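Everything below concerns the one structure shown next.
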Amino acid sequence: MFDVFGEFIHEYPGIFVLSVQVFIASVWAMQHLTGIFTIRQFTIPAVFYLTYLLMIFFPSFWVYLDRPGPFRDSFIIGVVSVLVTVPLGIFFANMVFGFSKKEVTVYFKAPVDETDDDMYTIHLILAVIAVGSAVIYFIRVPSIPLIQMISNPGEVLALTLAREESFKLLDPRWGGEASTNMFYLFLFLRTLLFPVIILSTMGYYLYTRKRKWLVLFLPTLLVGCFYAASSLSRAPISAIFMRVFFFLHLFNRGHVSRKTMIFFVGLMLTFPLLVTVFAYSTDISVWDGLGAIGTRLTYTPALDLYYYFEIFPSNHEYLYGHTLVKPFLKLFGAEYFYIENYVHLYISPNGIESGHANAAFISNFHADFGLFGVLMGGIFTGAFMQMLQIYLSRQRKTVLNIGVYSFIIYAIWALNFGSITSVLFVNGVIPVLILVWMIRFSSRIVKTFSLQTRQKIYVMPLR
């Protein structure tokens, strides 16, 4: 990495100096706006920003050297611009809502403040729905790739095809024999329902120390983790462990031991490492697997982002908002441009037909409107993530609030390898807010009904 920066400084000193100046000013602004170096007080924008530096900004110089041609200049401008536009969006949000980072400190120091609503009944119902839906999924799929990997490790092609058939090809957009509208249930089961139930049942157990919550939490965790890992997709199960870590961090007011942090980092890396070594390769060591994961988390996201600058508009005209409205077009069954698949086939013409090449959030903004879209999109995204931070910080610090906070931290982190629309819908930012509102509303109804029933029993005359 240091050799890369040395070469970049030697060949492009002007770009490097300007980028360093922007970087220093941006870090100062982010520390002032949201306290990115206050490690015990993770904020949503801070987690995104620090991971963006590691996954996109620094590796982009490496990509710039590897991709000589007319497209890399707009690519590096787009990457560096995020260090300006995101803080600017955060500044606007703070100004409009009168928010100060001191409010984050108050939130973290506050104890959990729970109500006496009947949460257990609702969570029991949701857990039954989630587990039941998972059972239906396992009955429908022709094979479980995780079991296939354990019994036949190293069969790269067979496992790759099994992974596609077990989940992605269930999507109705492919129109295959296995396609089903239940795909959307299975998708949100993995990205929304299981993560939320796992976090909240764990939280209510930690808060109440009642055995009934532990009995509900453990089976849900086991089934949810197996379901997340079953298709050999490396992200879903790591996402569960990441969210659990953030939940514990928030629940304990920012106090989590180093051993706990190391333990969860190990959990997050273990399954991706196993899949890399036994499913996507034939003969590599554990160290090679860790190197492949490191590349996947750094260089690869930046490289995938570069292709969006190479393709649009030189190989395909700008889409002028088509990617932003794609979820709504899918919802109403209208035709839409499947940009991630288009880019995948551009990168790998002989690859799997159902492949998917998503990239950092500015990718779709550039595909829609070029550098203008990147600049405006960066400001909007910065303001949006800060508004989420403001909203959550000003709520009562309940178990559900902590769960949503932890859930959204991961979802916003996913902006490093996904579009804003994917984060809003597929990764669950909007659905989780709706789901938690429904849980709260339903719990109040259950509580009211329970009280009325008890009162009727109490006043019932004896015969």
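For the reader, a short list of remarks on this structure follows.
- Gyration tensor verdict on region 304-447 (Cα atoms; rounded if a/c is under 1.5, prolate if a/b is larger than b/c, oblate otherwise): prolate
- Within the accessible area of the chain (1.4 Å probe), percent carbon and sulfur: 67 percent
- Placing unit charges on each Cβ (+1 for Lys and Arg, -1 for Asp and Glu) gives the chain a dipole about its Cα centre, and among F186, L199, Y299 the Cα reaching farthest toward its positive end belongs to L199.
- Label selected from (i) 23.4, 97; (ii) 23.0, 68; (iii) 23.3, 77, the criterion being Rg and Dmax of the Cα atoms in Å as computed here: (i)
- Helix 211-230 and the long axis of the chain differ in direction by around 30°, with both axes built from C-alpha atoms.
- Each helix, a run of at least 4 DSSP H residues, gives -39500 (n - 2.57); summed and divided by the residues of the chain, these come to -23000 deg cm²/dmol at 222 nm.
- Dipole of region 27-132 computed with +1 at Lys/Arg Cβ and -1 at Asp/Glu Cβ about the Cα centre; of V63, L83, G98, farthest Cα towards the positive end is V63.
- Once the Cβ-Cβ distance of R258 and A110 is raised to the sixth power relative to R0 = 25 Å, the FRET efficiency obtained is 0.55.
- The charge dipole of region 15-114, taken about the Cα centre with unit charges on the Cβ atoms of Lys, Arg (+1) and Asp, Glu (-1), comes to about 160 debye, rounded to the nearest 20.
- Overall dimensions of region 32-135 as given by Cα atoms, namely Rg and Dmax in Å: 21.2, 63
- Put simply, when 399-410, 333-344, 156-167 are sorted by average Cβ atoms within 10 angstrom per residue, most first, you get 399-410, 156-167, 333-344.
- Cα-centre dipole for region 64-143 with unit charges at Cβ (Lys and Arg positive, Asp and Glu negative), debye to 20: 520 debye
- Among 88-95, 315-322, 433-440, 416-423, sorting by the average number of other beta carbon atoms lying within 10 angstrom of each residue, highest first, gives 416-423, 88-95, 433-440, 315-322.
- Of the chymotrypsin sites (Phe, Trp or Tyr not before Pro) found in region 5-70, those that fall in a DSSP loop while having at most 16 other beta-carbon atoms within 10 Å are F37.
- Here is the list for region 165-250: trypsin sites (Lys or Arg not before Pro) lying in DSSP coil, each with at most 15 other C-beta atoms within 10 angstrom of its C-beta, are R209, K210.
- Degrees, to the nearest 10: 258-278 long Cα axis against longest axis of the chain: 70 degrees
- Alpha-carbon gyration tensor eigenvalues x 5, square-rooted, for region 198-334, Å: 35, 24, 16
- Computed log₁₀ I(q)/I(0) - Debye formula, equal Cα scatterers, no solvent, region 281-366, q 0.17 Å⁻¹: -0.80
- Heavy-atom accessible area per residue - the chain, 1.4 Å, Å²: 47 Å²
- Lys, Arg +1 and Asp, Glu -1 on Cβ, resulting dipole of the chain about Cα centre, debye, nearest 20: 2700 debye
- Per-residue packing, averaged as other Cβ atoms within 10 Å, sorts the ranges 270-276, 254-260, 141-147 into the order 270-276, 141-147, 254-260, beginning with the highest.
- Candidates Y405, V426, V374 compared by Cα position along the dipole of region 319-463: farthest toward the positive end lies Y405, with charges placed on Cβ.
The values are calculated or read from the model by the stated rules, or taken from the named source; none is laboratory data. Note that the structure is a prediction, hence the values are computed from the model and not measured. Because the Cβ atoms are built from the backbone with ideal geometry, glycine has one as well, and the counts that use them run over all protein chains shown. Keep in mind that these areas ignore ligands, DNA and RNA; they rest on the heavy atoms of the full protein, side chains included. Shrake-Rupley method; radii C 1.70, N 1.55, O 1.52, S 1.80 Å.
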